[in-house]
Amino acid sequence: FSVRAERLEYDRGQDLYVAAGGVEIEQAGERLQADWVAFSPRSGQGVASGHVRIERGEQWVEADGMEFEVEGLRGALSEASIDTGAGGLRIQAREIEQTGERSWRVLDGRFTTCRCPEPGARVPWQIDAAETEVELGGYGWARNARFDVLGVPVLWLPRMLYPVKTERETGLLMPEVASGGLNGAQVGAPVFWAARPDLNVVWTPRYLEERGAKNDLELEYVHGERSGGSLYGSYVRDENADTRNRWAAAMQQDLHLPRDWRLRSDLKFVSDNLYLHDFDDLGRYRRDVFLRSQIFGFRHFGSDGRTGV
């Protein structure tokens with residue numbers, strides 16, 4: 001246990017330390033930073049205020065103020081936020097209380113995994129809840145929960161269970177619902193399979209009101225540190241077209257080969273010319289005169305890489 005600060009005072013009678021100015025407390029790989037901290041080894045309790053931040057590996061917690069236990073630096077935080085690391089959950093709340101090594105009680109909380117918008121912009125989705133019991137790496141039990149998309153409430157539930165995973169895990173993804181257009185009402189239920197550490201698989205069974213059942217399958221993979229690609233396939237037995245068996249397939253890959261050679265491919269195939277018009281999965285090519293597929297290899301030479309084949 002170590003303490004660093006611009007100013008540190010000690011009251012022997014109360015066994016009380018008071019630190020101010022760039023305070024840093026480190027204990028067993030965890031770090032507490034704040035503008036002002038007071039704690040007593042005798043009582044085992046402490047208080048921190050002003051730019052409070054706790055770091056545990058990739059995870060961090062920030063708050064305006066905190067009451068904590070000296071042993072383990074655990075406690076209750078006000079106007080707080082948590083980040084569980086890259087690809088993990090972000091939490092903002094009026095009050096967060098740590099109830100275990102990886103569990104929290106959150107009051108008036110907001111939860112999301114999105115990091116894409118600019119500061120101050122609307123996040124693509126978030127969950128607002130009056131009270132939540134959260135276990136990192138497990139699940140969150142929320143009471144009086146609301147699911148928002150781009151700041152617009154789309155679903156309210158009195159009770160809600162959702163995953164708070166920091167690792168990939170097989171399971172169901174958010175349902176997909178649409179209506180209108182040539183296909184009428186549509187609903188899809190994506191299933192994610194963490195097949196291997198270097199392979200993701202998503203199977204999406206759909207039902208289209210005007211077309212019938214449609215199945216989409218997508219694989220994403222990496223190979224080594226720089227190579228990877230994706231495969232996509234879709235099939236529908238169309239109930240509203242002359243061509244009954246309709247399908248699409250696509251493959252994109254970028255492979256780094258020996259001797260600095262590199263192989264790229266971008267392949268796309270459809271069952272008929274109207275597929276791009278009737279379905280959305282390859283709809284970005286709808287205005288193209290023809291559907292292009294290409295595969296090529298190349299290598300650059302010289303220190304500046306200006307010459308190539």
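Of note:
- Summing +1 for each Lys or Arg and -1 for each Asp or Glu among the other residues whose beta-carbon sits under 12 angstrom from that of Gln252 gives -2.
- Across the options Ala34, Phe1, His51, the greatest Cα extent toward the positive end of the charge dipole of segment 1-74 (unit charges at beta carbon of Lys, Arg, Asp, Glu) belongs to Phe1.
- Stokes-Einstein translational diffusion, segment 1-56 - Kirkwood Rh over all Cα pairs, 1.306 mPa s, 10 °C, in µm²/s: 141
- Taken along its principal axes, the alpha carbon cloud of the chain reaches lengths of 90, 61, 32 Å, longest axis first.
- Segment 1-26 and segment 55-81 have Cα centres lying 17 Å from one another.
- For segment 40-53, Karplus couplings with θ = phi - 60° (6.51, -1.76, 1.60), whole Hz, Gly/Pro x: 10, x, 5, 7, x, 10, x, 9, 10, 8, x, 6, 6, 8
- Contour excess over end-to-end distance, with Cα ends at Arg306 and Arg287 and 0.36 nm allotted per residue: 3.4 nm
- Charge context of Ile295, other residues only, Cβ under 13 angstrom, K/R +1, D/E -1: +2
- Under 10 Å, Cβ to Cβ, from Asp266 - net charge with Lys/Arg +1 and Asp/Glu -1: +2
- A simple rule links phi to the HN-Hα coupling: the Karplus curve 6.51 cos²θ - 1.76 cosθ + 1.60 with θ = phi - 60°, which for segment 195-201 gives 4, 8, x, 10, 9, 10, 10 Hz, with x for Gly and Pro.
- The packing ranking of peptides 274-283, 238-247, highest mean first, is 274-283, 238-247, where packing means the average number of other beta carbon atoms within 10 angstrom of each residue.
Quick note: the coordinates plus some simple rules give every number you see, no bench work behind them. This is a predicted model, so every value here is computed, not measured. Cβ coordinates were reconstructed from backbone atoms using ideal geometry, including for glycine residues, and neighbour counts include every protein chain displayed.
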